[in-house]
Amino acid sequence: MGQKQMEKIYLIPIGEVDGKILEELKSSLKEKFHLEVVIGESLPKPDYAYNRRRRQYHSSPILDNLSRPPKLEERRRAYWVLGVTELDLYVPNLNFIFGQAQMGGRTALISLVRLREEFWRRRPNERLLRERTLKEAVHELGHTFGLEHCSNPKCVMHFSNSLIDTDVKDSWFCPECEKKIRQ
Ligand SMILES: [Zn+2]
Ligand SMILES: [Zn+2]
């Protein structure tokens, strides 16, 4: 029983997040990883991480906060916690990031804002948003499994510098990366 409870991915909305895309991500992750996926209680907008000059949120303290043992008993038992936000994230040396993860840890974070076509002043596209969200989620979870970036442009662990990279890659690990996870 105890073991079973560990094999869960908790999706934690941070700030207001589109419920439909969360539900879709939940069922896709479940299908991909064969794990239980639960949408947990959302966290408030992380004002502590806001950078007024950049008008973006510093992703590292949000990730730290997500990995802190929560009050909720059910989340404490969760094996993986994936924060999902619509806020624009950054780390100091980059203009923006699609997501961040604890290497070999249990916590990851993705932002949907730049995955949306409308962010780039293009027509909204639900299918693209759904695919990109899944790819970024699997990518960040891959880091929690200890995977580093992969040179194969089709591999989900390929680094996305832009949405073009994200759209080119698959939503799953290449055979090399998959082998590493199994070990
Ligand atoms: Zn990465
Ligand atoms: Zn790979």
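Within region 12-25, can one find any residue that is part of a strand (DSSP E or B), of a type outside the set (S, T, N, Q) and either more than 15 Å from the chain's Cα centre (by Cα) or more than 20 Å from Thr144 (Cβ to Cβ) (or both)? No, region 12-25 has no match at all.
Among the residues making up region 1-35, those that are modelled with pLDDT of 95 or more, basic (Lys, Arg) and in contact with a strand residue (DSSP E or B) (Cβ under 6 Å, 6 or more places away or on another chain) are Lys26, Lys30. Restricting attention to region 143-158, the residues that are out of contact with any helix residue (DSSP H, G or I) (no Cβ under 7 Å at 6 or more places or on another chain) and either within 20 Å of Gln100 (Cβ to Cβ) or of a type in the set (Asp, Glu) (or both) add up to 5. Restricting attention to region 18-44, report how many residues are surrounded by 15 or more Cβ atoms within 10 Å (Cβ to Cβ) and among the charged types (D, E, K, R). Of the residues in that region, 5 qualify. Scanning region 149-181 for residues that are without any contact (Cβ under 8 Å) to a residue 24 or more places away in the chain and of a type in the set (Asp, Glu) yields a count of 2.
Taking residues in region 47-61 that are within 18 Å of Gln102 (Cβ to Cβ) and at pLDDT 95 or above, and partners anywhere that are part of a loop (DSSP other than H, G, I, E, B) and of a type outside the set (A, V, I, L, M), the pairs with Cβ atoms closer than 8 Å and at least 6 places apart or on different chains are Tyr57/Pro46; Tyr57/Asp88; His58/Pro92; Pro61/Pro46. Considering only residues in region 147-172 that are over 22 Å from Leu94 (Cα atoms) and in contact with a Lys or Arg (Cβ under 8 Å, 6 or more places away or on another chain), the one that is nearest to ligand 1 (Cβ to nearest atom) turns out to be Cys155.
The set of residues in region 132-183 being more than 10 Å from ligand 2 (Cβ to nearest atom), surrounded by fewer than 20 Cβ atoms within 10 Å (Cβ to Cβ) and assigned to a loop (DSSP other than H, G, I, E, B) consists of Phe145, Gly146, Phe159, Asn161, Ser162, Ser171, Gln183. Take the conditions in contact with a Lys or Arg (Cβ under 8 Å, 6 or more places away or on another chain), more than 16 Å from ligand 1 (Cβ to nearest atom) and modelled with pLDDT under 95 and apply them to Pro124. Does it pass? Answer is no for this residue.
The values are calculated or read from the model by the stated rules, or taken from the named source; none is laboratory data. Fair warning: this is a prediction, and the values are worked out from it, not measured in the lab. Quick reminder, even Gly has a Cβ in these numbers, built from the backbone with ideal geometry, and neighbours come from all protein chains shown.
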